Amino acid sequence: MKFSVYRYNPDTDNEPYMQAFEVETRQGMMLRDALMAIQEQDESFTFRHSCGEGVCGSDGVNVNGSNKLACITPLSELKETVEVRPFPGRPVVRDLVVDMSQFYAQYKKVDPWLIRKEPMPEQEILQSPEERDKLDGLYECIMCGCCSTSCPSFWWNPDKFLGPQALLSACRFLADSRDQASEERLNSLEGPYKMFRCHTIMNCVEACPKGLNPTKAIGHIKAIMLKDAI
Amino acid sequence: MALEKQRFDTLILGAGGAGLNAALQLANANLKVAVVSKVFPTRSHTVAAQGGVNAALANVLPDNWHWHMFDTVKGSDYLGDQDAIEYMCREAIPTVYELEHNGVPFSRLANGKIYQRAFGGQSQNFGGDQAARTCAAADRTGHAILHTLYQQNIRAKTHFFDEYFAADLIRDQEGIILGALVLDIATGEPLLIEAKTTLLATGGCGQVFRTTSNAHINTGDGKAMILRAGLPLMDMEFFQFHPTGIAGKGMLITEGVRGEGGYLINKDGERFMEKYAPNAKDLASRDVVARSIVTEVRGGRGCGPEADHVMLKVNHLDEEVIAKRLPGIRESSKIFAGVDPVKDPIPVFPTAHYVMGGIPTDRFGRVMPTSDDDGDHLPGLYAAGECACASVHGANRLGGNSLLDILVFGRLAGKNIIDYVRDNPSHRPLDEASVSSAMDRFNKWDAKGDGITVSELRKEFRKTMEDHAGVFRVEDMMQEGVEKVRAIRDKLADVRLTDHSKTFNTNRTEALELENMIDVGLSIAVSALHRKESRGAHSRPDYPKRDDAEWMKHTLYWREGDKLEYKGVRSQPLTVESFPPKERVY
């Protein structure tokens, strides 16, 4: 199978270029396997990866124009020549490795931890199965960055717009019956940029390898705000 | 350029469950703590743990920590230290409640309490009916826990060194650890972190085997650093092969599948675990189930065109149960096995999963440097989680006890470090000789010219480990394995990097990892060769019986001269009576 892979090493290259590789495929092979095979051919080729099963979120790349996790993307689903690039809109460190620090900074801005004001009980805080169900579709995020780096609003304002990943996380805590900081959370999302730069383009939904729906989460936050306003 | 240095009260190597739970205690106590991780913290392999964490909460069936303790001692095939096991099983309960308070989205029961499922090796009343002790967040418990701990560490303002690779420990003439030499992967620059205390929480080493459920990062870095620092590893011959990896691939299918009612069948559709473990059947201990699968396949009863695996049947379960309790497994099976478990059984075979052995510690997480039964710990050095050996798992770990181990001992190490730093408030003088020897090892990879590539030698090494130190082990095969791994260690000198640039050089980090894996692999091969009995995961057809008179003892391995010494099992618990060794049947 033919691949065209983005290369850039700031130590040696003046500018990025695409390099052709050919990989012998076998049944059930994933894109990560192909990238590892390319690395065997050229050990200077660099990309992040770890668990190989879609839970650690390391190996998000842009393949044939879409953001995907390499380890759970079957080669059989990809059109040849497979074009592999780093995530769009992020500074490239080297080859497929991008600088994700802005993405992580936005995550931290939503205070992504459970806030309780009451003293803790001796045992667990009780939560009904129905209340717990509200976290499904929110807590499973693996922070791979496929969504935020596919979002045009995030490309233009990566420092001001929180991006789909951070907003999904904000919603995860708003939806948690145990959390007691809804008001502060909602207040902190006010203003024209942080959340309201979302123009429901829905690239994030398309890109999420875990089948999550950040646009719906953002809509949910907006609905709570509206309800509170009335 | 002068080597950059930074100072902290505590240095934690590794940002999985153990490292982050320790960091959280320390940051909450306002200590200056540095967490070094070669990947962004939520990429640590704790994230992949599926089934859950054991604690005798008794939310579903009657339970108490003493029964949990019995199961763990029995599961360990009586090689576990009973003081540490008692501590872990008692602490499990407050540890899980603390996690829940921190925000872990556990699945819930109708009464609002944490959902618990049945797992292998669990019993009520010291070997009676099946217990339900594993607290679960669907089949993504590790993910839920790791993300929660990271979130709480952001709140507590823990100082993270993300994508820094720890190369070597720095120590003085007395052997006291002064911190570590680390590498900023993005820039290729070394950094010396000096610390009053160091906690190793670097996780496992499953990458030493070709087929493994472990991530690319699980290369035993902390274990190898300990070996290079002249300290021993304990019980490295005990490596757990998880019964149900996806056949030919190695990705894990949680024991929770069998806990929810799934079972194994051979090519004749026979539920074969009934032969090997008449009572517990598919929920027998992992070593027992893994051996049974291999025995079925070797007996010609395997499935598939190569007859090289068995099937895990789930499709008799309600689709609702699968959707609710095992959503991740359904997803993985579809992606990697091309099978929807709601309709068809999943092809499975044992996969290298977990190392019971590791850096010897006492039940406070302090590193023990000698084989002396009454010996003292090494001041200021701690280890917790899969890189350590407390020893709570002995010869075989029970499912659900791994998340428990990392959380309990990570938390405990954190608490003990707080006391240590209070009593020892100053940094010790730096030992320049130790720094330069670490730098030399690091710089040696600058050598240019033709040689073997990292990936070539890695392939040869991992295949050798799989062929010579797998589920069943016999003398000749292992002797040959040790020689082969030694030869591979010699070949390391001929490995050359093809990439010498500074920026994000994975060729360099993978070479450092390969060096670590080979040292750790040899500790496994040598320790295994010399243990002439079958116990837990160490299964020797040439010595099929457990031999308590001769072998109820821990192995200690030193890198220098591949030296072995032995140390007694601590059979005396803290407050209850000892569980004496019995024949282990399920």
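The values are calculated or read from the model by the stated rules, or taken from the named source; none is laboratory data. As the structure is a prediction and not an experimental result, all values here were calculated from the model. Quick reminder, even Gly has a Cβ in these numbers, built from the backbone with ideal geometry, and neighbours come from all protein chains shown. The area values use the complete protein model at the heavy-atom level, side chains included, leaving out ligands, DNA and RNA. Shrake-Rupley method; radii C 1.70, N 1.55, O 1.52, S 1.80 Å.
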Q) Would you pick out the residues in segment B:252-274 that are out of contact with any strand residue (DSSP E or B) (no Cβ under 7 Å at 6 or more places or on another chain) and of a type in the set (Lys, Arg)? A) B:Arg258
Q) If B:Ser333 satisfies every condition in (1) open to solvent by 10 Å² or more (accessible area, probe 1.4 Å); (2) within 14 Å of chain A (Cβ to nearest Cβ) but one, which is the exception? A) (1)
Q | The lone exception for B:His316 - which of (1) in contact with a Lys or Arg (Cβ under 8 Å, 6 or more places away or on another chain); (2) open to solvent by 50 Å² or more (accessible area, probe 1.4 Å) it fails | A | (1)
Q) When segment B:27-41 is examined, which residues are found to be within 11 Å of chain A (Cβ to nearest Cβ) and in a loop (DSSP other than H, G, I, E, B)? A) B:Lys38, B:Val39, B:Phe40
Q) Which pairs do you get when a residue that is among the charged types (D, E, K, R), found in segment B:136-160, comes within reach of a residue that is open to solvent by 10 Å² or more (accessible area, probe 1.4 Å), reach meaning Cβ atoms under 6 angstrom, with the pair 6+ apart or on two chains? A) B:Asp139/B:Gln50; B:Asp139/B:Gly328; B:Arg140/B:Gly328; B:Arg155/A:Trp113
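Go through the residues of segment B:386-405 one by one and say whether even a single one is touching a residue at least 60 places away in the same chain (Cβ under 8 Å) and either under 30 Å from A:Glu40 (Cβ atoms) or among the aromatic types (Phe, Trp, Tyr) (or both).
Let us first name the residues in segment B:386-405 that are touching a residue at least 60 places away in the same chain (Cβ under 8 Å), namely B:386-405.
Imposing the further condition that a residue be either under 30 Å from A:Glu40 (Cβ atoms) or among the aromatic types (Phe, Trp, Tyr) (or both) reduces the set to B:386-387.
Within segment B:386-405, one or more residues are touching a residue at least 60 places away in the same chain (Cβ under 8 Å) and either under 30 Å from A:Glu40 (Cβ atoms) or among the aromatic types (Phe, Trp, Tyr) (or both).
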Q. Is it fair to say B:Ala167 is in a loop (DSSP other than H, G, I, E, B), away from every other protein chain (no Cβ under 14 Å) and small (Gly, Ala, Ser)?
A. no
Q) Out of the residues in segment B:218-251 that are out of contact with any strand residue (DSSP E or B) (no Cβ under 6 Å at 6 or more places or on another chain) and within 28 Å of B:Arg325 (Cα to Cα), which is surrounded by the fewest Cβ atoms within 10 Å (Cβ to Cβ)? A) B:Gly248
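Can you tell me which residue is nearest to B:Gly120 (Cα to Cα) among those in segment B:259-292 that are open to solvent by 40 Å² or more (accessible area, probe 1.4 Å), assigned to a loop (DSSP other than H, G, I, E, B) and of a type outside the set (Asp, Glu)? Give the derivation first.
To start, the set of residues in segment B:259-292 that are open to solvent by 40 Å² or more (accessible area, probe 1.4 Å) comprises B:263, B:267-271, B:274-276, B:278-279, B:281, B:291.
Keeping just the survivors that are assigned to a loop (DSSP other than H, G, I, E, B) gives B:267-271, B:278-279.
Right, trim to of a type outside the set (Asp, Glu) and you get B:267, B:269, B:271, B:278-279.
Details: B:Lys267: 23, B:Gly269: 22, B:Arg271: 16, B:Pro278: 14, B:Asn279: 12 Å.
Taking the candidates together, the pick is B:Asn279.
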**Q.** Lone unmet requirement of (1) within 14 Å of another protein chain (Cβ to nearest Cβ); (2) touching a helix residue (DSSP H, G or I) at 6+ places or on another chain (Cβ under 8 Å); (3) under 30 Å from A:Glu118 (Cβ atoms); (4) not aromatic (Phe, Trp, Tyr) for B:Lys113
**A.** (2)
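Quick check, is B:Leu317 over 25 Å from the mean Cα position of the chain (by Cα), in contact (Cβ under 8 Å) with a residue 40 or more places away in the chain and away from every other protein chain (no Cβ under 14 Å)? Spell out the reasoning first.
Working: over 25 Å from the mean Cα position of the chain (by Cα): yes; in contact (Cβ under 8 Å) with a residue 40 or more places away in the chain: yes; away from every other protein chain (no Cβ under 14 Å): yes.
So B:Leu317 passes the test.
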(Q) Going by what's in this entry, would B:Glu237 be described as in contact with a helix residue (DSSP H, G or I) (Cβ under 8 Å, 6 or more places away or on another chain), assigned to a loop (DSSP other than H, G, I, E, B) and not hydroxyl-bearing (Ser, Thr, Tyr)? (A) yes
Q.
Which of the numbered conditions does B:Ser44 fail, given that it passes all the others? Conditions: (1) in contact with a strand residue (DSSP E or B) (Cβ under 7 Å, 6 or more places away or on another chain); (2) among the small types (Gly, Ala, Ser); (3) away from every other protein chain (no Cβ under 11 Å).
A. (3)
**Q.** Among residues of segment B:562-577, those that are over 23 Å from the mean Cα position of the chain (by Cα) and among the hydroxyl-bearing types (Ser, Thr, Tyr), counted
**A.** 1
Q) Can you find even one residue in segment B:88-104 that is modelled with pLDDT of 95 or more, farther than 26 Å from B:Gln240 by Cβ, among the aliphatic types (A, V, I, L, M) and part of a loop (DSSP other than H, G, I, E, B)? A) no
Q: Determine the pairs where a residue that is among the small types (Gly, Ala, Ser), located within segment B:225-242, has a partner that is open to solvent by less than 10 Å² (accessible area, probe 1.4 Å) and assigned to a strand (DSSP E or B) with Cβ atoms under 8 Å apart, the partner being 6 or more residues away or on another chain.
A: B:Ala229/B:Ile177
Q. Restricting attention to segment B:130-164, and to residues there that are under 30 Å from B:Asn505 (Cβ atoms) and either part of a strand (DSSP E or B) or modelled with pLDDT under 95 (or both), which single residue is most open to solvent (accessible area, probe 1.4 Å)?
A. B:His159
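Scan segment B:359-373 for residues that are part of a loop (DSSP other than H, G, I, E, B) and among the β-branched types (Val, Ile, Thr) and jot them down.
B:Thr370
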Q: Go through (1) at pLDDT 95 or above; (2) open to solvent by less than 10 Å² (accessible area, probe 1.4 Å); (3) small (Gly, Ala, Ser) one by one and return the number of the condition B:Gly256 breaks.
A: (1)
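For segment B:178-200, which positions are within 30 Å of B:Tyr354 (Cβ to Cβ) and either open to solvent by 10 Å² or more (accessible area, probe 1.4 Å) or not assigned by TED's automatic domain parsing to the domain that holds B:Leu378 (or both)?
Looking only at segment B:178-200, we keep the residues that are within 30 Å of B:Tyr354 (Cβ to Cβ), and these are B:179-183, B:185, B:193, B:195, B:197-200.
If the condition is that a residue be within 30 Å of B:Tyr354 (Cβ to Cβ) and either open to solvent by 10 Å² or more (accessible area, probe 1.4 Å) or not assigned by TED's automatic domain parsing to the domain that holds B:Leu378 (or both), then B:Ile185 is the only one that fits.
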**Q.** segment A:65-109, residues that are farther than 29 Å from A:Asp159 by Cα, in contact (Cβ under 8 Å) with a residue 24 or more places away in the chain and among the acidic types (Asp, Glu)
**A.** A:Glu80
Q: Can you tell me which residue within segment B:557-586, out of those that are without any contact (Cβ under 8 Å) to a residue 12 or more places away in the chain and not in a loop (DSSP other than H, G, I, E, B), is surrounded by the fewest Cβ atoms within 10 Å (Cβ to Cβ)?
A: B:Gly561
Q) Taking helices (runs of 4 or more DSSP H) that do not extend beyond segment A:141-215, which have at least 1 residues that are within 14 Å of chain B (Cβ to nearest Cβ)? A) A:163-174, A:182-188
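For B:Lys444, state whether it is open to solvent by 10 Å² or more (accessible area, probe 1.4 Å) and either part of a helix (DSSP H, G or I) or away from chain A (no Cβ under 12 Å) (or both). Walk me through it before giving the result.
Working: open to solvent by 10 Å² or more (accessible area, probe 1.4 Å): yes; either part of a helix (DSSP H, G or I) or away from chain A (no Cβ under 12 Å) (or both): yes.
In short, yes.
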**Q.** Single unsatisfied condition, B:Lys532 versus (1) open to solvent by 50 Å² or more (accessible area, probe 1.4 Å); (2) part of a helix (DSSP H, G or I); (3) touching a Lys or Arg at 6+ places or on another chain (Cβ under 8 Å)
**A.** (2)
Q: Pick out the one residue from B:Val310, B:Val321, B:Val342 that is surrounded by fewer than 19 Cβ atoms within 10 Å (Cβ to Cβ), under 20 Å from B:Ala247 (Cβ atoms), out of contact with any His (no Cβ under 6 Å at 6 or more places or on another chain) and among the hydrophobic types (A, V, I, L, M, F, W, C).
A: B:Val342
